[in-house]
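Data first, discussion second: the structure below is written as structure tokens.
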Amino acid sequence: MALNYDYDETNETWPFFLLTVLLMIIVPLTISQFYKIFIKKDEEEQLTKEEFKKNVLSKLNDKYTSSDIKDFRKKFDNKKQSNIFCWKNLIIIGGWILVAFLIQRISSNDAIIDSAKGIFDPYEILGVSGSASERDIKSAYRKLSVKFHPDKLPKDLSEQEKNSMEETFVQITKAYEALTDEAVRENFLKYGHPDGPQSTSHGIALPSFLIDSTSSLILVIFYISSFVLLLPYFVSKWWNKTKLYTRNNLHIKTAGSFVSRLVNYKPSQIATVDLIIEWLSHAEEFKIFYPNLTPKDFETLLQDHIHNRDSKINGKDANEMKYRIVAKCHTLLHGFLEVCCGFRNLEMAIVCMDTFKCIVQGIPLTKDSQIFQLPNVNEEILKNGSVDEIHTLGKLFTFSDNEIGKILGIKDEDRLQETLTVASNIPQIKLLKADFVVPGEEYVTPQSTPYISIKVLMRSAKQKSIPVDKFPNEMLQESDDFEDLKNPFASMEKEPLMPTSFAPRFPTNRRNTWCCLIALQKDIKILQTPYRLERLSLNNLSKNLDKRTVKELGDDFNPEDWEIGFIKLPLGQQAPAELGSIHMRVVIKSTDYFGADLDLSMAMNVREPPKIDELKDDIYNDNDSDVNDSDDDDLEDDSGSESEYTDIDTDTEAEEEEEK
Amino acid sequence: MASTALRYNPNNKLINDDSDSLTESREISIMQINKLSTAIISESNPNFTPQLNDEHSKMIKSLFESGLAMLKQKKMPEALKNITLAVDMAQRSRAPYEAFGIQLQEIQFMLRHKIDLSLLTGRFLDALQDIEFLMNTGMAQSDVYIRKSDALLKLSQFEQAKICCERGLALHPNEVKLKALYLEINRRLADYNGDI
Amino acid sequence: MADNSTFEEGFNNTYTDYSSFNGTFNGTYSNNTNGTFTGAEEKVETIPISFYTPIVYAVILIVSLMIFSRRYKANRIRKLAEQPEIFDEHDAKELYFELQGLSTTEKIHEKVLKAALLNRGAEAIRRTLKLKELAPQIELMYKNGSVGEDYWERFQAETKFVEVEFRETIQEAENLQPGWPKLFATLCQEICFNQALSRRYQSILKRKEVCIEEWDLKINSDGTLTK
């Protein structure tokens, strides 16, 4: 039979089609939403609880966060969630209503039920059970055929009744044959019908009312509008949106303005935090948040944040605006750092990182910034009172707790203890060893691909400084595990995530990141994009080695107690082809804390590769033998003449002979 | 257009702009034009070349040498004053089109003396800025790094001093003075960080 | 099996009449006649449409493409115009034109105009050098997606503008003093470098002030540190 494309005249297929499509969308959506609401939330709570237990700073951070900021966090967290709530839940509810409606429609549609009935079931027609024996079938057929045989029908029936009777009789006959006659039975089993293959229709699951000549125009318009107008519109909108933001999630206008600032930046100027803040304030992102405000306003808001002032714009409280602006700075500053690195400008990149700290801690960059990032510090007393030069946390901890209280102007004992806890939990990096490493090589050879390996000791400012020589060389050795050789950076992924930072003035909770910059010493130009270090164990910070009580590291000092931090930085470039030294400056700057940075100079000594010794020779030959193996067929003639490979060739030949 | 704000003084042949909206870059541009005008007007040859003006050279040299004479008499402040004047003179009187290469050498040479004198008389910030000027104009000799590290150390910028010293050592690995300075800086830095 | 023949008769009968039963019998099994019937109906309807359909289709397509391209072009031009300038100011160029404008109303010393032109030429050289220096860096940033396409295009355009600008100043130099351009170019170069040196020197004072503030230094009036 010819295949026809029919529309769904009796409305029996399209509801099924629609139902399937709907369920395909709604069921996963519902499940994911349930997961989000009930399971994930619990997990998150669990995580924060654990973090609170493990990390003292998280708790203190929470304590010192002003209620204003907490309100802000709550509002924005809720807003984000409730937004998703409304959106998705509406779709889900609407979808389920539609599903219910469709099911109702299907069950009330006679055509569907009819067609379901119309499926040929010989047992049902004969009124016998599926397990009935041949004899039962025969007797049932006899009974029915007597009743419906055209010859035995009463004469007074109307034409219609007669027809239906006849039809029933045909059905009964067919059913009987399907169960008894071999050929018909085969037809039935193969095609589901005693008459052999039935025509199947390929219909389009559109309700017939859409195909009617009047509404078919609507359908055509619908098709045209969806494929000619809507689809291109949404695709182009999506495409424009992806083009609107750079790789670092900066608005392209913001990125453009950052680049412009750097193009026009005069090398005679000194870059300062204030300058960067002025540049930040022109960000397009801020304008999108608050179209009515000017860059000048944004600059004031950012400066207010840094100087811990309440913000007012046009006499109205603007603290919430300030929090939103400040929170956005995280993305902006990371983006700006990338632009600085694009310009290879190390000076600007460093000031960018200083600005990052200022914004995170909400304090200006001064020589006492390290101290001011602590809570409860009295600025007046610190500035006027101190006799000694105390600008660092390390220096602060050379004094007794009581004296520190006096220096910082903290009278309350509990508060002082909290301040000291924060001070001793801000990580400090001590450099132990720094090398350029080529995996599997002793040293850097020409045109090899080295990476920078820095071994550091993460320590607390409170702890006595441990000289590098206290650590045996083995502890500072590069791992030569096969896995580490294969991917030296995999081990860094195993380090724990940095804990929540103590940054009570920042509008959102955050974790410290170290941005690692690599520059050439020759021209102090940055070589590559910043590497963001987000994982490093800070377990050492809780070790008790108070510099005020431990005067000298005695014999009981066990270096094994301390964890060595491995920082591995991939280098974007190969070692040069020429021999000699290249000096690089590596700057590791924290985004969150003052005084948690490392700045070091290191030399890459490119040396002649080692003379190929016996062992290496073997390896090379092995490799070659592999090549020979695979190409044996072509190289058979050559192999004899290549005297160097004689050993191997005999090997392979022997193998071949064995195979034969 | 802002053209209305520009004024031309026919007497001294200078231009100026005293409007409130005068930007810094425009001001610099006006200054540069005025400096050029003055120089060209005193030039009789319409086809003037980038040659050094000997008269200027003589004046600057005499000032500078008087400074050196003071130095010999151990009159440090006076020596510094005269050398500073010589540098200023070079910057002020020389025409902008006089050969750049020679002008650069001249100012670098004089500044090096000025820096030494500034360091000797305790003007560390002056010295530091002059050194940075030298470094920005491409000088990278070891003594520049020694002086910069020293100035930074005296200004209590220990971290900066360490960075500068490390860079100096990277470029001049065998400089004994830098090595000694590096040890000193590290000692001071440890004290600053309370690690002694 | 005497009844067999009648069964077969009935069977054959229904087989041939199959289609007539079909309507009530089974919806999912298609009916042949019905199909051909609707097909014929469609043919009748499509003949008049098929004549216009391609034309209508083509018109819709072309018109929509034209609208799109026009809007896209307009959008691009607007965006390029919106892009911030690569350089913040064009003071050297503007000042020269302002002076030229003044020279039409009052008498301005010819050498002052020359000075302004030299300044303009020197600035053009500075920009050429600056753009040349930045080009590889900006290209790299564009390639790795740190800079938008618009800025990149603007930047490339600027490179051409600067070239044009320098050629224009050379032309002006010829107008002011015939035969000057060759010397003019070398002069501009020296001026460009010397001006940079001079700006750097002028900035020392300001840098000191910044340092004093940033490092919280206490400096006496003679430049020494206060103890």
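The values are calculated or read from the model by the stated rules, or taken from the named source; none is laboratory data. Bear in mind that the values here come from a model prediction, so they are computed numbers and not experimental data. For neighbour counting, all protein chains shown are included, and Cβ atoms are generated from backbone atoms with ideal geometry for every residue, glycine included.
Remarks
- For region B:88-104, the criterion of being β-branched (Val, Ile, Thr) and buried (at least 16 other Cβ atoms within 10 Å of the Cβ) is met by no residue.
- Residues satisfying the stated conditions in region A:468-485, i.e. at pLDDT 85 or above and either outside any loop (DSSP other than H, G, I, E, B) or not assigned by TED's automatic domain parsing to the domain that holds A:ARG532 (or both): A:VAL468, A:ASP469, A:LYS470, A:ASN473, A:GLU474, A:MET475, A:LEU476
- Which listed residue, of B:ILE185, B:ILE196, is in contact with a helix residue (DSSP H, G or I) (Cβ under 6 Å, 6 or more places away or on another chain), at the interface with chain A (Cβ under 9 Å from one of its Cβ atoms) and either over 27 Å from B:LYS81 (Cβ atoms) or crowded, with 19+ Cβ neighbours inside 10 Å (or both): B:ILE196
- Residue selected from region C:139-169 under the condition of a type in the set (Phe, Trp, Tyr) and more than 10 Å from every other protein chain (Cβ to nearest Cβ), by the criterion nearest to C:LYS114 (Cα to Cα): C:PHE166
- Any chance B:ALA190 is part of a helix (DSSP H, G or I), surrounded by fewer than 21 Cβ atoms within 10 Å (Cβ to Cβ), at the interface with another protein chain (Cβ under 8 Å from one of its Cβ atoms) and among the small types (Gly, Ala, Ser): yes
Residue by residue, here is whether (1) modelled with pLDDT under 90; (2) exposed (fewer than 12 other Cβ atoms within 10 Å of the Cβ); (3) under 19 Å from C:PHE155 (Cα atoms) holds:
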site: A:LEU230; (1), (2), (3): yes, no, no
site: A:TYR245; (1), (2), (3): yes, no, yes
site: A:HIS251; (1), (2), (3): no, no, yes
site: A:VAL259; (1), (2), (3): no, no, yes
site: A:SER268; (1), (2), (3): yes, no, no
site: A:THR272; (1), (2), (3): no, no, no
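- Positions within region A:351-373 being within 30 Å of A:ILE404 (Cβ to Cβ), part of a helix (DSSP H, G or I) and not hydroxyl-bearing (Ser, Thr, Tyr), in sequence order: A:MET353, A:ASP354, A:PHE356, A:LYS357, A:CYS358, A:ILE359, A:VAL360, A:GLN361, A:GLN370, A:ILE371, A:PHE372
- Complete set of residues in region A:383-408 that are away from chain B (no Cβ under 13 Å), closer than 12 Å to A:ILE371 by Cβ and modelled with pLDDT of 90 or more: A:LEU408
- Pairs are defined by a Cβ separation below 6 Å, a sequence spacing of at least 6 or placement on different chains, a first member in region B:14-28 that is more than 7 Å from chain C (Cβ to nearest Cβ) and without any contact (Cβ under 8 Å) to a residue 24 or more places away in the chain, and a second member that is in a helix (DSSP H, G or I) and of a type in the set (D, E, K, R); no pair meets this definition.
- Looking across region C:55-103, the residues that are assigned to a loop (DSSP other than H, G, I, E, B) and either at pLDDT 90 or above or within 14 Å of chain B (Cβ to nearest Cβ) (or both) come down to C:GLU85, C:PHE87, C:ASP88, C:GLU89, C:HIS90.
- Some residue of region B:159-180 being surrounded by fewer than 19 Cβ atoms within 10 Å (Cβ to Cβ), closer than 21 Å to B:GLN129 by Cβ and not aliphatic (A, V, I, L, M): yes
- Condition broken by A:THR168, with the remaining ones in (1) over 16 Å from A:TYR123 (Cβ atoms); (2) surrounded by 13 or more Cβ atoms within 10 Å (Cβ to Cβ); (3) modelled with pLDDT of 75 or more satisfied: (1)
- Odd one out for B:SER93, checked against (1) under 19 Å from C:LEU187 (Cα atoms); (2) within 11 Å of chain C (Cβ to nearest Cβ): (2)
- Selection within region B:121-158: residues that are farther than 25 Å from A:PHE594 by Cα and of a type in the set (Gly, Ala, Ser). The member of this set that is surrounded by the most Cβ atoms within 10 Å (Cβ to Cβ) is B:ALA127.
- Filtering region B:107-120 for residues that are surrounded by fewer than 18 Cβ atoms within 10 Å (Cβ to Cβ) and either farther than 28 Å from C:SER221 by Cα or within 14 Å of chain A (Cβ to nearest Cβ) (or both) leaves an empty set.
- Listing of strands (runs of 3 or more DSSP E) fully contained in region A:555-606 that carry 2 or more residues being within 14 Å of chain B (Cβ to nearest Cβ) and in contact (Cβ under 8 Å) with a residue 24 or more places away in the chain: A:580-590, A:598-606
- Yes/no for A:LEU206 being at pLDDT below 80, outside any loop (DSSP other than H, G, I, E, B) and more than 13 Å from chain C (Cβ to nearest Cβ): yes
- Test result for B:GLN157, in contact with a helix residue (DSSP H, G or I) (Cβ under 8 Å, 6 or more places away or on another chain) and either in the same structural domain as B:SER62 (by TED's automatic domain parsing) or without any contact (Cβ under 8 Å) to a residue 12 or more places away in the chain (or both): no
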